[in-house]
Every structure is written in C-alpha cells, then in structure tokens.
Amino acid sequence: QVQLVESGGGLVQDGGSLRLSCAASGRTFSSYAMGWSRQAPGKEREFVAANSRSGSKTDYGDSVKGRFTISRENAKRTAYLQMNSPKPEDTAVYYCAAVQTTLVNTVPGKYDYWGQGTQVTVSS
C-alpha cells in the first residue's frame with residue numbers, strides 16, 4: 001500500500017498560481033497511477049487531473065484544461081498539481097489519490113488510496 005500526504009494549499013489571488021504536492025511513502029510509487037480530485041462544500045467530489053505511472057499520459061477535467069498541469073517525479077515519490085490562473089470556482093479541498101493501474105484513471109471512485117486533502121482558496 002501507499003500513504004499520501006498533500007501540501008501546498010492555501011490562499012491565492014485570482015490569476016495567480018499555486019503548486020500542490022503529494023508525497024508518497026511507499027517504495028513502489030512508480031507502479032501507481034496518480035490523480036487529483038477536489039471537493040467544494042455542497043458538491044460532489046470532482047475529477048481534476050490524472051497521469052499514468054510514468055507521467056507520460058495525462059488527462060484533465062474540462063474545467064481545468066489549459067490551466068492546471070499534473071506531473072510526477074518517481075524518484076522523489078511525489079506528484080504535483082500546478083495551478084495556473086486559478087479562479088474562485090476552483091476553491092475546494094484538493095485530494096491526491098493512487099491506484100495500481102497502467103491506465104490514466106479519471107474516475108475518483110476507482111482510486112484505492114487517498115491523502116487527507118489540502119485546502120485551496122482562490123480570492124477574487
């Protein structure tokens with residue numbers, strides 16, 4: 001199994017940038033596809049971004065395409081979410097997640113492991 005810890009959340013101004021990190025404690029990080037999801041108050045958990053085990057394949061939710069970038073450094077056992085030009089509607093708790101698959105997983109319910117989440121608040 002793998003343990004995940006997010007960091008990097010906080011308050012950012014509309015039009016600024018923010019980078020979230022997800023540190024994994026396991027020794028088999030490269031065997032996991034990674035993803036980011038978010039949940040705002042009163043809303044369902046929403047898929048944000050995902051990448052394959054090597055990071056070579058990615059997918060994004062429609063609302064963040066062109067603004068957010070998912071990446072990973074397997075040697076550091078860390079995944080990232082670069083948030084450029086965030087908007088107030090991006091305000092949510094952001095969660096990283098992992099699942100052992102060769103695919104890019106865009107369905108939050110199919111992830112097996114989750115971090116505790118980090119709050120991102122975008123001010124206008």
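The values are calculated or read from the model by the stated rules, or taken from the named source; none is laboratory data. These numbers come from a predicted model, not from an experiment. Please note: Cβ atoms are built from the backbone with ideal geometry, for glycine as well, and neighbour counts cover all protein chains shown. With ligands, DNA and RNA removed, areas are computed over all heavy atoms of the protein, side chains included. Shrake-Rupley method; radii C 1.70, N 1.55, O 1.52, S 1.80 Å.
In this structure, is Phe29 touching a Gly at 6+ places or on another chain (Cβ under 8 Å), in contact (Cβ under 8 Å) with a residue 24 or more places away in the chain and open to solvent by less than 70 Å² (accessible area, probe 1.4 Å)? No: the conditions fail for Phe29.
For the stretch 59-90, the candidate set comprises residues that are β-branched (Val, Ile, Thr) and open to solvent by less than 40 Å² (accessible area, probe 1.4 Å); within that set, the residue that is farthest from Arg19 (Cα to Cα) is Val64. Within the set of pairs 6 or more residues apart or between chains, which connect a residue that is more than 14 Å from Ser63 (Cβ to Cβ) and touching a residue at least 12 places away in the same chain (Cβ under 8 Å) inside the stretch 79-96 to a residue that is part of a strand (DSSP E or B) and among the hydroxyl-bearing types (Ser, Thr, Tyr) with Cβ atoms less than 6 Å apart? Between residues of the stretch 79-96 that are more than 14 Å from Ser63 (Cβ to Cβ) and touching a residue at least 12 places away in the same chain (Cβ under 8 Å) and residues that are part of a strand (DSSP E or B) and among the hydroxyl-bearing types (Ser, Thr, Tyr), the close pairs are Tyr80/Ser21; Tyr80/Ser71; Gln82/Thr69; Tyr95/Ser37. Out of Arg53, Arg67, one residue alone is touching a Pro at 6+ places or on another chain (Cβ under 8 Å) and charged (D, E, K, R). It is Arg67. When we screen Ser21, Ser37 for residues that are under 21 Å from Gly117 (Cβ atoms), among the hydroxyl-bearing types (Ser, Thr, Tyr), open to solvent by less than 10 Å² (accessible area, probe 1.4 Å) and touching a strand residue (DSSP E or B) at 6+ places or on another chain (Cβ under 8 Å), the only hit is Ser37. The condition (being closer than 22 Å to Ser7 by Cβ, within 14 Å of the chain's Cα centre (by Cα) and aliphatic (A, V, I, L, M)) is satisfied by just one residue among Ala40, Ala75, Ala98: Ala98. Out of curiosity, is Ser7 open to solvent by less than 10 Å² (accessible area, probe 1.4 Å), among the polar types (S, T, N, Q), under 15 Å from Ala92 (Cα atoms) and in contact (Cβ under 8 Å) with a residue 60 or more places away in the chain? Considered against the rule, which asks whether it is open to solvent by less than 10 Å² (accessible area, probe 1.4 Å), among the polar types (S, T, N, Q), under 15 Å from Ala92 (Cα atoms) and in contact (Cβ under 8 Å) with a residue 60 or more places away in the chain, Ser7 comes out as no. Residues that are touching a Ser or Thr at 6+ places or on another chain (Cβ under 8 Å) and of a type in the set (D, E, K, R) are absent from the stretch 23-34. Identify all residues within the stretch 32-67 that are of a type outside the set (Val, Ile, Thr), in contact (Cβ under 8 Å) with a residue 40 or more places away in the chain and in a strand (DSSP E or B); write none if there are none. If the condition is that a residue be of a type outside the set (Val, Ile, Thr), in contact (Cβ under 8 Å) with a residue 40 or more places away in the chain and in a strand (DSSP E or B), then Ala33, Met34, Gly35, Trp36, Ser37, Arg38, Gln39, Glu46, Phe47, Ala50, Asn51, Asp59 are the ones that fit. Would you check if Gly42 is open to solvent by 70 Å² or more (accessible area, probe 1.4 Å) and farther than 19 Å from Thr121 by Cβ? Answer is no for this residue. Evaluating Gly26 against the criteria (1) over 27 Å from Thr121 (Cβ atoms); (2) in contact with a helix residue (DSSP H, G or I) (Cβ under 9 Å, 6 or more places away or on another chain); (3) of a type outside the set (Lys, Arg) leaves one unmet condition, (2).
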